[in-house]
Amino acid sequence: MRSLLLNALCATVFAFSATTALAADVKMVGVVEKIQLAPDGKSAKATLKDNKSGNSVVLSIGDDETLDKFKDKRIQVGDEIRARFDDAGGNNQSKSFRKTAGC
Amino acid sequence: MKRIWQRVLFAVASCIVGIAVAVAAESSGAVGVPKSTADHSKFKELQREFASGQEVTKACLSCHTEAAKQIHQTQHWKWEVINPQTQQKLGKRHVINNYCTSATSNFKACASCHIGYGMSENFDFASQENVDCLACHDTTGKYTKPSGFAGAPVTKDTEFPPGSGKIIKGTNLTPIAQAVGKTRRQNCGNCHFTGGGGDGVKHGDLDTSLEKPDRDLDVHMAKDGLNFSCATCHKTDAHQVPGSRYAPTGKDGHAALMPGNPDDKGRNVATCQSCHGQAPHKQAKLNDHTDKVACQTCHIPEFARGDVPTKMRWDWSTAGKRDKNGKPLVVKDDDGYDTYLGIKGDFVWGTNVKPDYIWMNGVNKYTLAEDKIEKSAEPIYINKYEGSARDGKSLIWPIKTFTGKQPFDPVNKTLVVTHLAGADDTAFWANLDWEKAVASGMKTAGRPFSGKVDFIETVSQWPITHMVAPKEKALACVECHSRNGRLAAIDGVYIPGRDAKGMLDMLGWGVVLLAFVGSLGHGLMRIVSRRKN
C-alpha cells in the first residue's frame, strides 16, 4: 500500500512538472488577418501574421475585454496587435491582446 | 493504513469545499449583498438612447446635482494647477514637455484624456454638461474617446479621418450609462497608463501591466493579493484626487492617518506614510532610515518591471525621414517597439530600469514657454525637483530621468508649442515641416515665434512611486551602502559603506588598535603574574 501511495505521489509530481515545463509564454507582434467569434460569443480565434517570421498564428481568445473589442469592432482585421500567449498544448491561449498603436 | 486514507480523503474534501466557498464569495461579493446601493439600470433617466456624451451628463446631473460643480474645481478638469510653492501656472494647458511637447494646439487628439467634451483653446470651463462622467465611472470597459474628436465619444459609425475609408464604430452609450459605478483601475489607466502617446511611454511606473499585476510587480494592486484600485490610495474628496507630480509631497512626517483626527485635515492621503506611518519595519535599524529615505527608494528596485518598456529618450531632431514610398519611415526593434518614426524621431526604450536618486522636497520648478533658455546651458530642465539634505523637508527619492532633444526658437530663446496632430497642412504629423508646425502652434498659443527652429537637449524628472515590490524583493543594504552603490551621487549625508572620512576613519581604527593592544597587554600581564605566583 505504501509503495502504491509513493507511486501515485511520484506520478502527480511528474505530471505537474511536465505541464509546467511545456507551458511557455510567447510574445509576438502581428497584424490581424482573421477574427472568428464563436456562435455563443464566449470565445474567439484570431489569426495574426507575425511581423518577424511572416507566419500566420492562430490564437484562442477567452477574456471578455478582448471579446468585447472584437464585437464592437474596436479590434478588427488590419490592426497591429501585441500579443502574449501560452503555447502549451498548441492551443495558443491568449493572455494579452492589445493594439500597438498610440497617438 | 485505513486511517491514512481517511485523512487523505478528509484533506482533499476540505480543500474542495474551501475552494468552492472562496469562489462563491468572490463572485457574489458577500453572500448576495449588492456592492452598490443603486442599480443605475433601473433609473428612468438612463432608460433611453443617448446621442452624445452631454446627454448622458445631463441625466447624471439630474440626480447628482452638485457633481459638475465639484469637477470644475479639479486639476483633471482645468488641466491647470498653480504650484503652491513656485506660483508657476502648470497643468497640461501650460507646460511643454519633452514627449509630445504640448497639448495646446493639439487638443483634438490630446483631449481624449480630458474629463470633458469638446476641449479647445476656447473651451467653456463653466459648462456643466461638458463634464464627462463616463471617463471615470464606466465599468463596462466599452467607453472610448477616440483621438481626433476633442474628447467626445463617437456615437454613430464615422469615417475618420474623412475620406480614409476607416470606420470608427459608434458606441452605444445607454448600457454604459446604466452600468456606471466606482472608478476602477482601468478608468485611470486609460489615460495614465498610456501617457506620452502609448503604453508605458511616459511614467515608467505606470503601464497596462498594472491592470492585472502579480504580487512581485505591485504588492498593493496584485489581483491575488490586496487588489487595490488606484482610488484606494488616491482616495477622492469631492472629486479631488490627491497626489500629483506637479506638487508632490516630498516628505510626509506624519503618523498613519486616523479617522477623525483633526490634525490630518488637508493631508495628502496618497503617501505611503498615511497608512504605514513612520516606523513600519520590525527591525528598528530600518526605521532609522525613514527620516532620510523615501519608502519608494528601497521598495521600488526598478521601474518598467511588468514587461512593458518605457521611453527613456526621444530625439525629435531626426524626425522627417520618409521610406521609399514617400511615407514617414518606421523602424522597429525585435520586440516590435518603434525605435524610429518619421513623424516623431528616434526613441530609446528601457525595461527593468534602475532609477536615479535625488533629494526631493516636493518643489517642482518648470521651464515654461515664457522662460528664456540658452543653448549653451544644455541640457535644459523641463522640470527639476528641488531638495537637499539640509532643508528638513527632503527625502531621497527614486526618479525616472527622461532625456530628449526637442524644437526651440533660437532667436527668441524659448521652448515652442508645436502643432502636431490633425489633417491640416500645418500639422507636423501631416507635412513633416517644422517651421509651419511651430508657427501654427505658437500662433494658437499666442506666443511670439521668430520663424527659426533649432533643437535643444532637455531633461525631465518623473518621481517613481508605483510598482511597489513585496518586502522580500526590496533593495538589499549593500545596494546603497557600498562605494559605487545606488546612492553614489547623493550628497549631504554620511552613508556607512559608501563614505570615507580620513580623520574619522583613522581615529576609529586607532581606537580598535588601542583596544587590541590593551587586551593583548592585559592578557600578557595576567600570564606573567600567574607564573610569578
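The values are calculated or read from the model by the stated rules, or taken from the named source; none is laboratory data. What you are looking at is a predicted structure, and each value in this text was computed from that prediction instead of being measured. Cβ sites come from the backbone with ideal geometry, for glycine too, and all protein chains shown count toward neighbours. The protein model used for the area step is the full one, side chains on, heavy atoms only, and it has no ligands, DNA or RNA in it. Shrake-Rupley method; radii C 1.70, N 1.55, O 1.52, S 1.80 Å.
Selection of segment B:414-429 for residues being within 14 Å of another protein chain (Cβ to nearest Cβ), open to solvent by 40 Å² or more (accessible area, probe 1.4 Å) and modelled with pLDDT of 95 or more yields only B:TRP429. Only one of the numbered conditions (1) within 14 Å of chain A (Cβ to nearest Cβ); (2) open to solvent by 10 Å² or more (accessible area, probe 1.4 Å) is not met by B:ALA111, and that is (2). Considering the conditions (1) more than 30 Å from B:TRP397 (Cβ to Cβ); (2) open to solvent by less than 90 Å² (accessible area, probe 1.4 Å), B:ARG530 is excluded by exactly one of them, (2). What's the number of the only condition in (1) open to solvent by less than 30 Å² (accessible area, probe 1.4 Å); (2) in contact with a helix residue (DSSP H, G or I) (Cβ under 6 Å, 6 or more places away or on another chain); (3) over 29 Å from B:CYS295 (Cα atoms) that B:LYS405 fails to meet? Result: B:LYS405 passes all but (1). The strands (runs of 3 or more DSSP E) falling completely within segment B:371-481 that include 2 or more residues that are among the aliphatic types (A, V, I, L, M) map to B:395-409, B:454-463. Pairs are defined by a Cβ separation below 6 Å, a sequence spacing of at least 6 or placement on different chains, a first member in segment B:360-377 that is of a type in the set (A, V, I, L, M, F, W, C), and a second member that is part of a loop (DSSP other than H, G, I, E, B) and open to solvent by 10 Å² or more (accessible area, probe 1.4 Å); the pairs so defined are B:MET360/B:GLY387; B:VAL363/B:GLN85; B:VAL363/B:GLU386; B:ALA369/B:ARG447; B:ILE373/B:LYS413.
Residues considered: B:ASP335, B:ASP371. Of these, the only one that is open to solvent by 40 Å² or more (accessible area, probe 1.4 Å) and either within 14 Å of chain A (Cβ to nearest Cβ) or under 30 Å from A:ARG82 (Cα atoms) (or both) is B:ASP335.
Quickly run through segment A:60-73 and pick out the residues that are under 12 Å from A:PHE97 (Cα atoms) and more than 7 Å from chain B (Cβ to nearest Cβ). Listed by number, the residues that qualify are A:SER60, A:ILE61, A:GLY62, A:ASP63, A:ASP64, A:THR66, A:LEU67, A:LYS69, A:PHE70. Given the conditions (1) modelled with pLDDT of 90 or more; (2) within 11 Å of another protein chain (Cβ to nearest Cβ); (3) open to solvent by 50 Å² or more (accessible area, probe 1.4 Å); (4) more than 12 Å from the chain's Cα centre (by Cα), which single one is not true for A:VAL77? Looking at each condition in turn, A:VAL77 falls short on (2). Once segment B:430-447 is narrowed to residues that are open to solvent by 10 Å² or more (accessible area, probe 1.4 Å) and touching a strand residue (DSSP E or B) at 6+ places or on another chain (Cβ under 8 Å), the residue that is nearest to B:CYS295 (Cα to Cα) is B:ARG447. The criterion of at least 1 residues that are away from chain A (no Cβ under 14 Å), in contact with a helix residue (DSSP H, G or I) (Cβ under 8 Å, 6 or more places away or on another chain) and surrounded by 21 or more Cβ atoms within 10 Å (Cβ to Cβ) is met, among helices (runs of 4 or more DSSP H) falling completely within segment B:117-213, by B:134-137, B:173-177. In the set B:ALA389, B:ALA377, only one residue is open to solvent by 20 Å² or more (accessible area, probe 1.4 Å), over 30 Å from B:GLY200 (Cβ atoms) and within 26 Å of the chain's Cα centre (by Cα); that residue is B:ALA389.
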